[in-house]
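Read the structure below first, then the notes.
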């Protein structure tokens, strides 16, 4: 070999067989990705782009007189501390008879916090509506 030819073959990063192996591996990966996309509904629009997915909301209501503190802690502006205070007030002084009574009996719950809670509270039954003792 002439020195110029040797320089050309030495400067190649991969040999021809290595290039062929890399080409086969890349092709196999592309085919695998395409088949995954098709099998998961790619052409039918079955895949959802996370940036365009609609946000989901969970509507819930709970009974202030029966809910445990972890459920109460999920209410807006109510954390673990206020939720435990609600449960303690309920256990020591009995069930709440109105929403306003929550504000009176639980330290840390004011009008703003109570108004934020109201959409998530089930109506409190009056004593006339309750059957039994």
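Details
- Selection from segment 84-100 of residues that are in a helix (DSSP H, G or I) and more than 14 Å from residue 63 (Cβ to Cβ): 84, 85, 88, 89, 91, 92, 93, 100
- In the set (1) modelled with pLDDT of 85 or more; (2) part of a loop (DSSP other than H, G, I, E, B); (3) loosely packed, with under 11 Cβ neighbours inside 10 Å, the condition left unmet by residue 74 is number (3).
- A single entry from 125, 131 fulfils the requirement of being exposed (fewer than 13 other Cβ atoms within 10 Å of the Cβ) and at pLDDT below 90: 131.
The values are calculated or read from the model by the stated rules, or taken from the named source; none is laboratory data. Computed from a predicted structure; not experimentally measured. A quick note on method: Cβ atoms are made from the backbone with ideal geometry, for glycine too, and the neighbour counts reach across all protein chains shown.
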